[in-house]
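Written out below as C-alpha cells is the structure these notes cover.
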C-alpha cells in the first residue's frame, strides 16, 4: 500500500480548516432526520475521497483523476411475484394464468406489449394441513401451490407506478425488485475516459510549468470504471425520542411494557460528489445510475534539472 505525504504551508492550512468548518456547519443545519441513521453503516460516505491528487515519489510524478456521472436510466425491469393454491395442479395453473392474462391486457393501455413481458415459473409444491381430533393431530394433503414471477420491461419511469396499480387489481402485491439499465454503457465509458485524460494532462502540465520539470519517456496508466446501481444506495433510519418508565415496585412481573410501532424511513443516498475532479449532471434529482471513472497516470521526471 502506498502512503502519500503532503506538506502545506500554514496559510493554506488555515484556509482549509475554515472551509471545512463552514461545510460541517452547513451540514448540521440542513441534515434533516437522516441524522438518526445508524452511524456504523458500512457504506457511510461521511469522509471525503482524497485520491484525486498529484504526488511525487522519488523521480515519479503520479496524477489521479476521478469523475462522477449521474445518468438517468434508459429503461427499467420490474419483477412482480404471485402465487395460487388449489386442490389440483391444473386448478392452480388456471387461477394464476387468469390473473396474469388480466394484467397483460391492462398493460396494453401503457403501450407495453407481450414481447417485453416474461412469465417465470418459480415453483410447484404440495401443501399440507392438520386435522385435530381430541388430542390427536394428523397431517393431511391440502393441495398444491404454484408460484410465478412476471418480469416487465419499460422505458418510461412513470409506467412503474401504473404497473403496480394495475397488478393490485389482480391481487398481485409482491414487488420483488426494480432494475435500472442504460443501453450505451460503452459510450459512457469512452466519454469519461477521454475527459479523464484531458484532466490528467492538465494536472501534469500545471506541475511541470510550476516547478520547471521535464518528463522522460511515455507514461504508465491504470483505469478503474465502476457502475453504481440504485439498489445498493438506499439507507434507512427511525426518527423518534423515547420516554423512560420506572417502577418503585420490588417486583415488576405484573407490568407489561408495550413498545409502540416506530416508522422506518428509507431514502436514496447516492455516491457523494465531494472530492471528484468533475461531476457530470450534478443537479440531477431523479434516481438513476452512477458511473465512476478513476484514472491514475505515472510520469518519469528528469531529475537532472
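Nothing in this text is a laboratory measurement; each read-out follows from the coordinates by a stated rule. Keep in mind that this is a model prediction, so the values were computed, not measured.
Points worth noting:
- Each distinct pair of alpha carbons in the range 75-181 adds a 1/r term; the inverse of their mean, the Kirkwood radius, is 15.2 Å.
- Kirkwood hydrodynamic radius computed over the range 117-276 comes to 24.7 Å, based on all pairs of distinct alpha carbons.
- Ratio of the Cα radius of gyration of the range 89-143 to 2.2 N^0.38 Å, where N counts its residues: 1.83
- The stretch between residue 286 and residue 300 holds 0.7 nm of extra length on full extension. This uses 0.36 nm per residue minus the Cα-Cα distance.
- Just so you know, the averaged projected area of the alpha carbon convex hull for the range 110-172 sits at 6.4 nm².
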